[in-house]
Amino acid sequence: MAVKAAQNRPFAFPLIKEFLELLGNAFPITDSVIIAMAKSPSPDAPRVLEETLTRFPGAGMPEEAVQAASKNLGMIPIFLDRVPGQVPIKEVLEQIGTLEYGEEEEEEEEEEEEKGLPALKALLDRQIVSADETVIATVAPSFSASKYNLVEHKPDAPITQKVLVRAASNASSMKLMMEKLKDLITITKEVILATIRDWQGADTIKIIYDRLGSVPITRNVWKKAPIENPEFMTGFLFRLQRDLKPRVVWEDIWQDSHTDAETKATVTMAFLNLVEGQEAIDLLQAYPYDWEQKEDHGFENLIQRLLPNDIPSPETEQVAAIIVERCSNEVIEKFLNTEHQISITDKVMQAAERNKRANKEALL
């Protein structure tokens, strides 16, 4: 009964408190009860355990309960008081670092602070850890933890590349890091590569750019960014650095055997939005296609996603020939029935003759 009460999400605290008052010293303080309290999903779980241990200070502390604490950060101050040597410090810090939220998310921040900040403060106040580079970097993805470390606890802490790489996953954390920089720092490509994995990566890069005036947009960054965030990151980087040709980067991506065809098609769409005229046509022409091997690498799917209004230069003979040679009857018909003025020239008819996937009798 006590185990079930401890695991009750909305009513754990009032239930346990009622049991304590009713049963007094007869309350069954077993290892199973302590473990259930430590693992409880109830937001009141730390209060439940603290109330119980205050009433029964001689209660045991099973190792399973201590290990569960790293997943229930509100428990950490309690365990540090009773069994500090058993608390998995590294795991606790890593868990704090997963609580990513921004300065503007007030309601969520208050809820998360109840989980993460007391644990961090307890570790620092008891001098179990110090706010060194490793600790600051580990919790850097959490804006609230970073704010406590760098504003309240150790305002003079140096901002290193290791810290910046970790902070790169949270735009609010990175903004704080840039504000705390005392001297200009050279941002490495590792920092930028870390930012592009996050959906807010463009915001983070802009924060760095506004503070330092430049960011290292290398060819490798260009290659990774469209894969991680093709719809937005590609155009954003192109506006920051125009000296790298989209076609060159696009070809690098197509040579990457670890990237699937669907992602490559999405990346191609992103690059087609960056170029126009003959450059866009050349990109479409260069799209890999080998119907001898029954492999179009997602080309027809790309055309269907571009229809009806995003086909580059659809009225040109070259684009019509590319589509008529490579696509199925259904997609060709959709293309020809768009509102664009498409001329059926000899070159287009010759392309149709070369089409190995369409029903030529119906097509011609």
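The values are calculated or read from the model by the stated rules, or taken from the named source; none is laboratory data. Source: prediction; values computed, not measured. No Cβ is skipped: glycine too gets one built from the backbone with ideal geometry, and neighbour counts run over all protein chains shown.
For the reader, a short list of remarks on this structure follows.
- Matching residues in segment 126-144 - criterion: being modelled with pLDDT under 95 and assigned to a helix (DSSP H, G or I): 143, 144
- One residue from 227, 192, 208, 253 being at negative phi and modelled with pLDDT under 85: 227
- When the residues of segment 282-321 are filtered to those that are hydrophobic (A, V, I, L, M, F, W, C) and over 23 Å from residue 337 (Cα atoms), the one that is farthest from the chain's Cα centre (by Cα) is 291.
- Enumeration of residues in segment 69-99 that are closer than 29 Å to residue 172 by Cα and modelled with pLDDT under 90: 69, 70, 71, 72, 73, 74, 75, 98, 99
- Residues of segment 44-59 that turn out to be assigned to a helix (DSSP H, G or I), farther than 14 Å from residue 73 by Cα and either of a type in the set (Lys, Arg) or without any contact (Cβ under 8 Å) to a residue 24 or more places away in the chain (or both), as a count: 2
- So residue 198, is it surrounded by fewer than 19 Cβ atoms within 10 Å (Cβ to Cβ), part of a loop (DSSP other than H, G, I, E, B) and among the charged types (D, E, K, R): no
- Filter result for the condition that a residue is more than 15 Å from residue 97 (Cα to Cα) and free of Cβ contacts under 8 Å to residues at least 12 places away in the same chain, over 183, 203: 183
- Here residue 140 fulfils each of the conditions (1) closer than 15 Å to residue 91 by Cα; (2) buried (at least 16 other Cβ atoms within 10 Å of the Cβ); (3) touching a Pro at 6+ places or on another chain (Cβ under 7 Å); (4) of a type outside the set (Lys, Arg) apart from (3).
- Residue 123, sole failed condition from (1) over 30 Å from residue 230 (Cα atoms); (2) outside any helix (DSSP H, G or I); (3) at pLDDT 95 or above: (2)
- Residue in segment 162-178 that is modelled with pLDDT under 95, more than 15 Å from the chain's Cα centre (by Cα) and crowded, with 20+ Cβ neighbours inside 10 Å present: no
- Residue list for segment 255-278, filter: more than 23 Å from the chain's Cα centre (by Cα) and within 25 Å of residue 316 (Cβ to Cβ): 272, 273, 274, 275, 276, 277, 278
- Restricting attention to segment 303-342, the residues that are closer than 21 Å to residue 290 by Cβ, of a type outside the set (A, V, I, L, M, F, W, C) and in contact with a Leu (Cβ under 7 Å, 6 or more places away or on another chain) add up to 1.
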